[in-house]
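**Student:** Dropping the structure in here first, questions after.
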Amino acid sequence: MRINTLVPDTDGDLAWPPFGQNKRSIVAVGNFDGVHRGHQAVLKRTVDLAKSYGCESVAVVFDPRPTVVRKYAQEHDGAELPVDEFYDDPYALTDIGTRLDLIEKLGIDRALVIRYTMAFGAKSYQYFLGQLVGKIGMRNIVLGKDSRMGAGRAGDPKSIDSIAQATRMFEVDVVDDRGPGEVRVPLVNTPEAAEIMDKVNDPDNGLTKAERRALSKSVPNHPARVWSSTYVRYLLSHGHVEKAAEILGRPHEVKGRVVGGKQRGRTLGFPTANVAEEVSGFMPADGVYAGWLIDINPDTQEETRYASAISIGTKVTFGEPEARVLEAYAIPPLDADGNPEWLDLYGHRTRVEFVKFLRPQVHFDGADELVAELKRNVEQTKEICK
């Protein structure tokens, strides 16, 4: 997959890459954060149409997420987020590298990564459509049913199709990317509100429509598509990694580099990889999970998967409540004598995949109780990640 990064000028205009005089394209547009099953449906349709028409399949991807850019502008008197400034986006499910990897696996020919700016976001959807047709030869645009684009998010599928019908310059293909309906998500994401919303969203809890409606009204909330980045974030924020994986079509992951810690895990018999540098991806709720640590060899770039007991949270048992950390105990292979091999992961880039929530973080009275619980968690992980 070819990748072009486009940075708007101060007026929000782009220098589009050459596509060839007679080249036509089938285009999907969005943030694609998480590349969940709704995004996958849109992107797969883009690939299929491109193959059928002999066109190039193109994903136009915005980065950073518009929410990050608008927040920066609000906090800095309308200023643009500097291109060369690091921006922290803890609510992004996936970083741009992961998004592009996932998009490529779906068969997209080219990705145009547009550096989202306030000036670019002020352009009308009519202007943007004209650019797509005139600059990259858009034949079809593939949209999800709830798609919006342009200033004020005014460009919905109906209005975009009206332009397509009037100009006859391109066609619109609308994909149902919403999944099985809608759910309700609390406006204030507290454990108490989440517990109520989980009951509202559960179709098998035996509540009548009236009871469900009354329960929903007891907590301020808003609707969200089941297949949406918003709902995936909500699920992960409460440790529901299995439900999140159903929407993503794969286990949720974070990426980072292993750094040295206080080596307390080694003294307890459970040496952990402290994934604390260059971390990207939405961090699930505090707790202990069964999952996988994928080690990326720094010399060969080969990947090795280890079933892992993963801990997210603060070290309250040892009086260290200030820092939230991710640590993974990668279950090592056994040598010829049946002893665990030593895994040296310091400095390695890793991916951590979350498969199942095991328990919340709790305070233990001492190291012995903690070790007993860790042994149980490791056995659970072995059973889950066979």
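**Student:** Do the conditions hold for A336, that is, is it open to solvent by less than 60 Å² (accessible area, probe 1.4 Å), out of contact with any Gly (no Cβ under 7 Å at 6 or more places or on another chain), small (G, A, S) and outside any helix (DSSP H, G or I)?
**Tutor:** no
**Student:** Among the residues of segment 335-353, count how many are of a type outside the set (D, E, K, R) and in contact with an Asp or Glu (Cβ under 7 Å, 6 or more places away or on another chain).
**Tutor:** Looking only at that region, the number is 4.
**Student:** Just checking, which of E379, E369, E302, E353 is closer than 22 Å to T94 by Cα and surrounded by fewer than 18 Cβ atoms within 10 Å (Cβ to Cβ)?
**Tutor:** Just a single option satisfies the conditions, and that option is E302.
**Student:** What is the one condition in (1) more than 31 Å from the chain's Cα centre (by Cα); (2) open to solvent by 50 Å² or more (accessible area, probe 1.4 Å); (3) closer than 25 Å to V259 by Cβ that R324 does not satisfy?
**Tutor:** (1) is the only condition that R324 fails.
So that you can scan it fast, the table gives a plain yes or no per residue for (1) assigned to a loop (DSSP other than H, G, I, E, B); (2) at pLDDT 80 or above; (3) over 18 Å from P251 (Cα atoms); (4) touching a Pro at 6+ places or on another chain (Cβ under 9 Å):
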| residue | (1), (2), (3), (4) |
| --- | --- |
| Y346 | yes, yes, yes, no |
| E353 | no, yes, no, yes |
| L358 | no, yes, no, no |
| F364 | yes, no, yes, no |
| D368 | no, no, yes, no |
| A372 | no, yes, yes, no |
| K382 | no, yes, no, no |
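**Student:** Same structure, new question: Just one of I294, I384 is closer than 30 Å to V232 by Cβ, surrounded by fewer than 16 Cβ atoms within 10 Å (Cβ to Cβ) and within 26 Å of the chain's Cα centre (by Cα); which is it?
**Tutor:** Exactly one residue qualifies, and that residue is I384.
**Student:** Could you count how many residues in segment 207-260 are closer than 13 Å to M197 by Cα and either open to solvent by 50 Å² or more (accessible area, probe 1.4 Å) or in contact (Cβ under 8 Å) with a residue 60 or more places away in the chain (or both)?
**Tutor:** Residues that pass the stated criteria total 10.
**Student:** If we only count strands (runs of 3 or more DSSP E) wholly inside segment 1-86, which ones have 3 or more residues that are open to solvent by less than 80 Å² (accessible area, probe 1.4 Å)?
**Tutor:** In segment 1-86, the matching strands (runs of 3 or more DSSP E) lie at 25-30, 56-63.
**Student:** Given the residues R148, R115, R99, which is the only one that is open to solvent by less than 20 Å² (accessible area, probe 1.4 Å), among the basic types (K, R) and under 30 Å from P251 (Cβ atoms)?
**Tutor:** Matching residue, one of R148, R115, R99: R99.
**Student:** Take I108 and tell me if it is aliphatic (A, V, I, L, M), buried (at least 16 other Cβ atoms within 10 Å of the Cβ) and not in a strand (DSSP E or B).
**Tutor:** It is true that I108 is aliphatic (A, V, I, L, M), buried (at least 16 other Cβ atoms within 10 Å of the Cβ) and not in a strand (DSSP E or B).
**Student:** Between residues in segment 331-360 that are free of Cβ contacts under 8 Å to residues at least 60 places away in the same chain and within 28 Å of G313 (Cβ to Cβ) and residues that are of a type in the set (A, V, I, L, M) and open to solvent by 70 Å² or more (accessible area, probe 1.4 Å), which pairs lie under 8 Å by C-beta distance while being six or more apart or on different chains?
**Tutor:** P340/L334; E341/L334
**Student:** Can you confirm whether segment 153-161 contains a residue that is in a helix (DSSP H, G or I), farther than 23 Å from E56 by Cα, in contact (Cβ under 8 Å) with a residue 12 or more places away in the chain and in contact with a Lys or Arg (Cβ under 6 Å, 6 or more places away or on another chain)?
**Tutor:** For segment 153-161, residues in a helix (DSSP H, G or I), farther than 23 Å from E56 by Cα, in contact (Cβ under 8 Å) with a residue 12 or more places away in the chain and in contact with a Lys or Arg (Cβ under 6 Å, 6 or more places away or on another chain): absent.
The values are calculated or read from the model by the stated rules, or taken from the named source; none is laboratory data. Just so we're clear, the structure is a prediction, and the values are computed from it rather than from any experiment. Note: ideal-geometry Cβ built from the backbone for every residue, glycine included; neighbour counts use all protein chains shown. These accessible areas exclude ligands, DNA and RNA; they are computed on the full protein's heavy atoms, side chains included. Shrake-Rupley method; radii C 1.70, N 1.55, O 1.52, S 1.80 Å.
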